[in-house]
Amino acid sequence: MCSCNYTYVGPALLVLPLFFISLINLFVAGPPLKTIVLDSSGPSYSATLPYLSLHVEGSSAKFHLKPKDEMTHFFVVTCYTPAKEPPLYLDAQVVGKKMPRAASTALVSTSTRPDSEHVSSVQDTHALQMLQPLLGYSEYQVNLKAYSSASGANMKEAQLPSMEFRVTYVPTRFTYTQICVRAFFTCTSICLLIAYAVAMCRTNTLLEHGQLWMTALLVLLLALNDPLYIARVYLGGDQLMYTASVLGQILFSGGLFLFWLVYADGMNSTELTRPFCSFYVPKIALVLMYVAVSAAMFILHGRVPDRIDVGDSGLDSSSAQLELVVALSASLIGVGVWLSCLVGQAIYRLGWKKVEYIYTEREKSFVGITMVFVILWLCGHLYRAVHGRRGSWMQLQLPFLTLTNSYLALLTHAFWPNEGRGQPHASDPEGGRADAKEQGLLDDED
């Protein structure tokens, strides 16, 4: 592989793909969410679209939704009653059908009644909101019922007043753009993995630990690019595939964090051996904590960015959920602080000018492009925090995916096997170990 000065070229190779993907997001993908607003004129109202119909009669309202060729991933139904009206309690249930004449399957229920088992996430008696992921059904029906009292013997059906109904969903234009970009990155990562494996097989020396790390990261990169995304869209949604995709992304993050900590700590050490208990175990424990908490939080409570309003997730409603949030934040902060201390320690001990001459090109490239990657990643989350809600996380999915793929491509170039390197000279038995020491990734058994 040709040499590359990562001090100057690395940041450009990370920023330029972000610029192009931002243009695609703006001019090709379009907005990630689309909202249909229907205003009923009283207890009798009907509206029909090719993929959606609403029928209001007395105390009942029914939505019929056909997501094919229009809706993807999920839809959100929101109902607003006039605030000046007397309290009106709404019950809602979503059912799905595989075929038009097939039996209905109950999916989710919610209510604005405080004594109900399924309380709406919007804590307002004048509003009801429910999110329904697409689960492979060809039709979905949302049944709403209005009551004049919360509970008890006096609980009676009430006429629906003039109301506002909203249906929010992910349009196909945005999803198809995601499919094209993810398919491109999946193909490039597969080609990169194959080329890297062939290059390792053609070397005349023992494989370095850094190269084994890169092979593992390239395999996990396939999970991050989510090849199951296309299958989920084609099937109209699949919860098992979605769960597998998210867990794969969590594993990639954990693997990348562990690689950062091991490599950065190896740069600081002058010893050729790495005691497993003192060198690896603390890092593995911290990363396992992050992976376990992230997986538990997703399985138990879903993914907060999938919600229209982050505040609706009710993070403070459960002490167990709050503990998961604290543990997840602590693990992420721990990784960030530890990595910053390791890199800062290396620069402080040797001085920045000495770092430029003493560290290998591979180590300097790792520090340089990782710093740029982390800065751009934090800027993306800062943008999300400032301009959050209304699908901003979905708009940032492609930029984050592009940034990560570009970063892994640069790391792969830096760790590319050197085909011209031969075996260590017989008079220099430590030559191979010296080269391996430069990678900062030796085991105690080497």
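The residue pairs whose first member lies in segment 406-417 and is within 11 Å of Thr215 (Cα to Cα), whose second member is among the hydrophobic types (A, V, I, L, M, F, W, C) and assigned to a loop (DSSP other than H, G, I, E, B), and whose beta carbons are closer than 9 Å, counting only pairs six or more residues apart or on different chains, are Trp416/Met1.
Taking the criterion of being assigned by TED's automatic domain parsing to the domain that holds Phe165, under 36 Å from the mean Cα position of the chain (by Cα), assigned to a strand (DSSP E or B) and on the phi > 0 side of the Ramachandran plot, would at least one residue in segment 51-73 satisfy it? Within segment 51-73, one or more residues are assigned by TED's automatic domain parsing to the domain that holds Phe165, under 36 Å from the mean Cα position of the chain (by Cα), assigned to a strand (DSSP E or B) and on the phi > 0 side of the Ramachandran plot.
Given the criteria over 25 Å from Arg384 (Cα atoms) and either at pLDDT below 80 or outside the structural domain of His73 (by TED's automatic domain parsing) (or both), does Gly351 qualify? So Gly351 fits the description; yes.
Residue-wise test of (1) at pLDDT below 90; (2) of a type in the set (Lys, Arg); (3) within 16 Å of Tyr147 (Cβ to Cβ).
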| residue | (1), (2), (3) |
| --- | --- |
| Leu52 | no, no, no |
| Gly58 | yes, no, yes |
| Met71 | no, no, no |
| Val77 | no, no, no |
| Tyr80 | yes, no, no |
| Pro86 | yes, no, yes |
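Look at segment 268-281: where a residue is assigned by TED's automatic domain parsing to the domain that holds Val335 and surrounded by 12 or more Cβ atoms within 10 Å (Cβ to Cβ) and a partner is among the acidic types (Asp, Glu) and at pLDDT below 75, sitting 6+ places away or on another chain with Cβ atoms under 7 Å, you get Thr273/Asp444; Arg274/Asp443; Arg274/Asp444; Phe276/Asp444.
Checking the stated criteria, Ser162 turns out not to satisfy the condition of being at pLDDT 80 or above and assigned to a helix (DSSP H, G or I). Give me the residue from segment 64-77 that is farther than 17 Å from Leu235 by Cα and touching a Ser or Thr at 6+ places or on another chain (Cβ under 7 Å) and, out of that set, surrounded by the fewest Cβ atoms within 10 Å (Cβ to Cβ). My answer is His64. Checked against (1) exposed (fewer than 15 other Cβ atoms within 10 Å of the Cβ); (2) at pLDDT below 90; (3) of a type in the set (Val, Ile, Thr), Thr48 meets all criteria but (2). Determine whether Thr188 is part of a helix (DSSP H, G or I) and touching a His at 6+ places or on another chain (Cβ under 8 Å). Against the criterion (part of a helix (DSSP H, G or I) and touching a His at 6+ places or on another chain (Cβ under 8 Å)), Thr188 does not qualify.
Looking across segment 157-192, the residues that are touching a strand residue (DSSP E or B) at 6+ places or on another chain (Cβ under 7 Å) and either closer than 26 Å to Phe27 by Cβ or of a type in the set (A, V, I, L, M) (or both) come down to Ala158, Leu160, Met163, Val167, Thr168, Tyr169, Val170, Pro171, Thr172, Thr175.
The values are calculated or read from the model by the stated rules, or taken from the named source; none is laboratory data. Because the structure is predicted, anything quoted here is derived from the model rather than measured. Counting neighbours? That spans all protein chains shown, and the Cβs are built from the backbone with ideal geometry, glycine included.
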